[in-house]
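Notes follow the structure.
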């Protein structure tokens, strides 16, 4: 799952609106696209970037929850072992 998060993060490169607008303004100046196409493309790119950021945040939160749950389950095992050790120490000291 962590590998998936890393790949997702790498694929979720989002441009800031300012950078995207600058890049597409240059394309308009070169005649590679018109202003309306550039504006729509910038809006779509920014929206997609924001959606991907939200998905990535959710994925990270889910991973953190899994890790916390894993440690919580191990903590109960550790507590159980501590109790057994204390019982054994108590039995040994009472001899």
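Here are a few things to note about the model shown:
- Each of 48, 57 was scored by other Cβ atoms within 10 Å of its Cβ. Arranged with the fewest first, they read 57, 48.
- Inter-site label distance for residue 83 and residue 50 at 7 Å from Cα along Cβ, in nm: 5.1
- Shape parameters for the stretch 18-57, alpha-carbon atoms, Rg then Dmax in Å: 11.6, 37
- Order of 60, 78 - criterion: other Cβ atoms within 10 Å of each residue's Cβ, fewest first: 78, 60
- Among 39, 95, the ranking by other beta carbons within 10 Å of each residue's beta carbon, starting with the fewest, stands as 95, 39.
Read-outs: derived from the displayed coordinates by stated rules, not from any lab. This one's a predicted model, so the numbers in the text were calculated from it and none came from an experiment. Cβ atoms come from the backbone with ideal geometry, glycine included; neighbour counts cover every protein chain shown.
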